[in-house]
Amino acid sequence: MNALPARPSGRNAPTGDLPFAQALQRMLDAVRPLDAVERVSLRAASGRILAADAASPYDVPPHDNAAMDGYALRAADLPAETERRIALHLTGQVLAGPVGGATVAPGECIRITTGAAMPPGADTVVMQEEVEVGDGRIVVSGGHVVGENIRRAGEDLARGAVVLARGRRLLPADIGLLAAIGLTETDVVRRPRVALLSTGDELRGLGERLRAGEIHDSNRYALLAALGRLGVDAHDLGTVEDRPEALRAVLAEAAAGYDAVVSSGGVSAGDADHTRGVLAELGEVDFWRVAIRPGRPLAFGRLGGALFFGLPGNPVAALVIFYQLVLPTLERLSGTEPRVRRRQRARALAAMRKSPGRTEFQRGVLSTADDGSLCVALTGAQGSGLLHSMSRADCFVVLDEARGPVEAGEWVTVEPFADFV
Ligand SMILES: Nc1nc2c(c(=O)[nH]1)N[C@H]1C(S)=C(S)[C@@H](COP(=O)(O)OP(=O)(O)OC[C@H]3O[C@@H](n4cnc5c(N)ncnc54)[C@H](O)[C@@H]3O)O[C@H]1N2
Ligand code: MOO
């Protein structure tokens with residue numbers, strides 16, 4: 001791990017808070033993407049990361065075929081002038097499916113349906129709407145061009161062409177492409193094994209009764225849900241008491257069996273905050289404290305073979321850190337590049353509080369003004385313990401470290417959740 005880089009003096013310099021962009025870069029740099037491969041059936045491959053380029057073993061479509069229901073014929077038989085009409089002898093039909101022996105000789109045509117392979121001799125398909133059908137013959141006008149209404153072999157994918165590159169997260173259309181090139185299985189990267197735990201004597205699991213001073217452990221369930229959507233192999237290690245020995249025991253075991261460990265709580269400066277101390281004992285702390293709000297007391301490091309993310313306990317802080325820093329790092333660990341965050345500009349519907357010194361990720365709701373421009377309003381109070389401020393939101397409002405308050409009507413940067421949440 002690198003030592004903390006020299007930092008220019010500034011508002012956060014004395015505390016050693018790492019600027020957001022530097023923290024993200026250091027986390028990404030610390031990753032060695034997994035390269036272990038497993039073969040899965042195509043039915044189980046959705047959302048997995050492709051481990052090697054997939055090339056097509058043949059042309060797709062494999063044969064020239066009709067793009068319309070109509071008649072396969074030879075363009076040379078037709079008159080050049082649109083007004084003139086001629087009759088062609090109708091000799092049979094070809095449907096989509098196995099190819100029969102039908103061929104088209106001069107003066108003949110064959111009935112053809114969409115997707116059926118072009119019979120030898122024919123070079124054009126005329127739509128049935130443009131043809132008059134009689135007894136054993138059709139009447140068709142001129143003005144058709146050679147190759148009309150034919151889909152060419154290899155038009156979608158040429159033989160040997162790379163259809164999907166290594167590192168691709170397989171989407172439904174990708175599964176279709178792999179099926180189209182005849183694959184039944186594909187090689188994907190093994191899923192990262194990620195351990196998740198919460199720390200805090202006040203925390204109770206689902207269904208447990210609360211005594212005075214206790215709360216439900218909401219972080220563990222929110223983070224498990226977020227990890228589930230990311231497609232990692234998440235393991236719930238439960239809630240750990242605020243005792244160094246208890247944390248030591250759980251983290252020592254986690255160090256051995258996981259690619260990443262995510263904890264929440266116990267990273268700040270309180271008397272019961274042991275996460276950093278135990279991480280330093282059993283592994284390495286790369287940095288803690290990022291100039292970000294919420295989520296400043298983030299501890300990042302290494303625990304045995306695992307990356308370690310010590311998220312702050314406040315529920316909104318834990319999720320903001322997860323989406324902004326942990327998610328891209330886990331994407332790289334999974335063998336794919338972090339997805340692009342499409343930042344947009346939106347007009348603030350009301351003023352927003354902001355002091356210089358930390359990058360803020362406030363929670364907003366997008367709307368469209370009468371003139372079509374994008375607008376954003378905050379989801380009410382932005383305290384980092386107020387989980388509803390996150391659950392009501394559909395975007396982050398990203399306010400740069402250096403800037404101060406936002407005035408109503410000002411343009412700000414937003415990150416729609418649809419891209420990553
Ligand atoms: N003297 C200082 N105090 C605090 C600082 C600081 O820099 N100096 N930072 C504050 C900030 S910012 C945050 S965020 C919190 C983070 O502290 P911890 O990570 O040590 O979190 P805890 O103290 O354990 O808990 C904070 C808060 O969150 C609740 N919590 C914890 N875990 C869960 C969970 N799994 N589910 C739901 N809620 C949880 C906990 O009950 C506390 O209310 O520290 C500030 N203090
Ligand atoms: O950073 Mo703390 O996460 O603001 O509440």
Computed over segment 203-278, Kirkwood Rh from alpha-carbon pairs, angstrom: 13.8 Å
What angle do you read, to the nearest 10 degrees and between 0 and 90, between the alpha-carbon axis of helix 218-230 and the longest principal axis of the chain? 30 degrees
For a quick size check, give me the Cα extents of segment 19-103 along its three principal axes, largest first, whole Å. 77, 33, 18
Arrange the peptides 269-282, 303-316 so that the one whose residues have, on average, the most other Cβ atoms within 10 Å appears first. 303-316, 269-282
Simple label model, 7 Å out from Cα along Cβ direction - ALA158 to ASP29, nm: 4.2 nm
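With n ≥ 4 as the cut-off for DSSP H runs, can you work out [θ] at 222 nm for the chain, using -39500 (n - 2.57) per run divided by the number of residues, rounded to the nearest 500? Let's see the in-between values first.
Numbers: 8 runs with 72 residues, N = 421.
Per the formula, -5000 deg cm²/dmol.
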Antiparallel DSSP beta bridges within the chain, as percent of all bridges there, nearest 5: 65 percent
What full-extension length gain, to one decimal in nm, is calculated for GLN22 and ALA67 as 0.36 nm per residue of separation minus the Cα-Cα distance? 10.8 nm
Report the relative contact order of segment 65-151, percent, no decimals, based on alpha-carbon pairs under 8 angstrom and at least 6 residues apart. 45 percent
Report the residue, chosen from ARG85, ARG302, ARG74, that carries the largest GNM mean-square fluctuation when the chain is represented by alpha-carbon nodes joined by springs under 10 Å. ARG85
Tell me the Kirkwood hydrodynamic radius of segment 284-339 in angstroms, computed as one over the mean inverse distance between distinct C-alpha pairs. 11.6 Å
Cα-based Rg / Dmax (Å) for segment 44-201: 23.5, 90
How big, on average over all directions, is the shadow cast by the Cα convex hull of segment 238-351, in nm²? 8.8 nm²
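Using only alpha carbon positions, build the gyration tensor of segment 344-419, then give the equivalent ellipsoid semi-axes as the square roots of 5 times its eigenvalues, largest first, whole angstrom.
18, 16, 11
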Between HIS216 and ARG339, Cβ-based FRET efficiency (R0 30 Å, step 0.05) works out to 0.45
With Cα atoms, 0 to 90° folded angle of helix 20-29 axis to the chain main axis: 70 degrees
Segment 295-366, relative contact order [Cα under 8 Å, separation at least 6], %: 18 percent
Share of Cα-Cα pairs in the chain beyond 35 Å, in percent? 49 percent
With a cap of 16 neighbouring Cβ atoms within 10 Å, and only residues DSSP puts in a loop, list the GluC sites (Glu not before Pro) found in segment 208-280. GLU208, GLU214, GLU241
How much net charge surrounds PHE396 when only the other residues with a Cβ under 10 Å from the Cβ of PHE396 are counted, with Lys and Arg +1 and Asp and Glu -1? 0
Could you please report the charge total around VAL316, scoring K, R as +1 and D, E as -1 over all other residues with beta-carbon less than 14 angstrom from its beta-carbon? +3
For the pair ALA105 and ARG347, what calculated FRET efficiency results from E = 1/(1 + (r/R0)^6), where r is the Cβ-Cβ distance and R0 = 45 Å, to the nearest 0.05? 0.05
Relative contact order %, the chain, counting alpha carbon pairs below 8 Å whose residues are six or more apart: 16 percent
Using Cα atoms only, what is the angle between the long axis of helix 244-257 and the major principal axis of the chain, expressed in degrees (0 to 90) to the nearest 10? 30 degrees
Per 5 Å bin from zero, what fraction in whole % of the C-alpha pairs of segment 65-151 is there, up to the bin with the longest pair? 3, 18, 30, 29, 15, 5, 1, 0
Nearest-0.05 FRET efficiency for GLU407 and GLU132 at R0 = 60 Å, using Cβ-Cβ distance, is 0.25
Cα-based convex hull volume of segment 121-204 per residue, rounded to whole Å³: 278 Å³
Which whole-number percent of Cα pairs in segment 266-421 have a distance greater than 26 Å? 31 percent
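Read-outs: derived from the displayed coordinates by stated rules, not from any lab. Small disclaimer: the values here were computed from a predicted structure and weren't measured. We place every Cβ from the backbone using ideal geometry, glycine too, and count neighbours over all the protein chains shown.
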